[in-house]
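The values are calculated or read from the model by the stated rules, or taken from the named source; none is laboratory data. Keep in mind it's a predicted model, so treat the numbers as computed, not measured. Note that each Cβ is placed from the backbone with ideal geometry, even for glycine, and that neighbours are counted across all protein chains shown.
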Amino acid sequence: MPTRAHRGFASRSTLLVIAAAFAAGLGLYAAQRWVGVGAPAVAGRNPSHPALQAVRLIEPARVLPPFSLDLADGSKATTATLSGHWTLVFLGFTHCPDVCPTTLAELAKAQAQWRALPAATRPRLLFLTVDPERDTPAVVGAYTRFFSPDTLAASSSPDDLARAAAALGLVYMKVPTPGGDYSMDHSATLVVLDAQGREAGVVRPPLDWKAIANDLAALSKARP
């Protein structure tokens with residue numbers, strides 16, 4: 001999900017992003033080679049898994065290293081607070097000209113479908129900005145509410161963002177644009193967390209909101 005970015009990145013954060021990219025590359029390679037992330041989940045492989053269309057499951061689900069994000073409502077998003085629900089994690093930023101708002105609009109259709117499910121186990125969407133310099137928790141909260149009031153909107157310090165991205169195996173970077181402005185490049189893959197807060201799968205573009213909605217609903221019912 002490319003978009004663009006600025007030169008004034010703190011050196012420490014730059015190193016963290018580079019480390020995140022390196023770790024993510026190794027993690028994705030290992031996942032594809034050893035646990036089959038690159039192949040669709042096969043219903044017959046594990047009888048406890050429902051048949052899936054969009055979600056590629058990781059077997060076994062991966063316990064994540066600690067991270068902490070600031071949510072728009074003033075609370076924190078951690079592996080502990082995200083437990084209890086299957087969660088889609090989507091990287092983006094509010095100055096994104098097209099792909100991010102289009103994706104949020106599509107995923108809002110899935111969120112609308114999930115409202116018919118029990119609130120205690122309903123799947124959720126976590127939108128994490130990769131542009132914390134401009135996207136405070138309040139800004140990103142107002143932005144996501146335009147698409148759906150159900151979205152968990154998160155920002156963070158640059159260092160916390162780098163740690164969270166590395167934990168999730170996602171990458172991002174700032175890219176200068178003409179006139180001294182910037183945009184952001186970042187992973188387009190969605191990460192799927194299970195109800196124990198572990199990385200349980202991924203959803204890769206192109207995104208089919210109906211398939212995503214059905215898959216997350218099925219996983220929430222089969223493995224609450």
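The single condition among (1) surrounded by fewer than 24 Cβ atoms within 10 Å (Cβ to Cβ); (2) farther than 17 Å from Pro205 by Cα; (3) out of contact with any Pro (no Cβ under 7 Å at 6 or more places or on another chain) that Pro132 does not satisfy is (3).
Per-residue answers, yes or no, for (1) at pLDDT below 95; (2) of a type in the set (Ser, Thr, Tyr); (3) over 18 Å from Asp70 (Cα atoms); (4) touching a Cys at 6+ places or on another chain (Cβ under 7 Å):
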{"position": "Phe127", "(1), (2), (3), (4)": "no, no, no, no"}
{"position": "Ser148", "(1), (2), (3), (4)": "no, yes, yes, no"}
{"position": "Tyr172", "(1), (2), (3), (4)": "no, yes, yes, no"}
{"position": "Gly179", "(1), (2), (3), (4)": "yes, no, yes, no"}
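Using the structure shown, decide if Val139 is under 23 Å from Ala108 (Cα atoms) and surrounded by fewer than 22 Cβ atoms within 10 Å (Cβ to Cβ). Yes: the conditions hold for Val139. Of all the numbered requirements in (1) buried (at least 24 other Cβ atoms within 10 Å of the Cβ); (2) free of Cβ contacts under 8 Å to residues at least 40 places away in the same chain, Leu170 misses one, and that requirement is (2). Taking first residues from segment 132-157 that are in contact (Cβ under 8 Å) with a residue 60 or more places away in the chain and partners that are in a loop (DSSP other than H, G, I, E, B) and of a type outside the set (Ser, Thr, Tyr), the Cβ contacts under 7 Å between residues at least 6 apart in sequence or on separate chains come to Pro137/Ala72; Ala138/Ala72; Val140/Ala72; Gly141/Ala72; Ala153/Ala72; Ser155/Pro132; Ser155/Asp135; Ser156/Pro132.
For segment 115-128, enumerate the residues that are under 12 Å from Ser148 (Cα atoms) and either assigned to a strand (DSSP E or B) or out of contact with any Asp or Glu (no Cβ under 9 Å at 6 or more places or on another chain) (or both).
Result: Arg124, Leu125, Leu126, Phe127.
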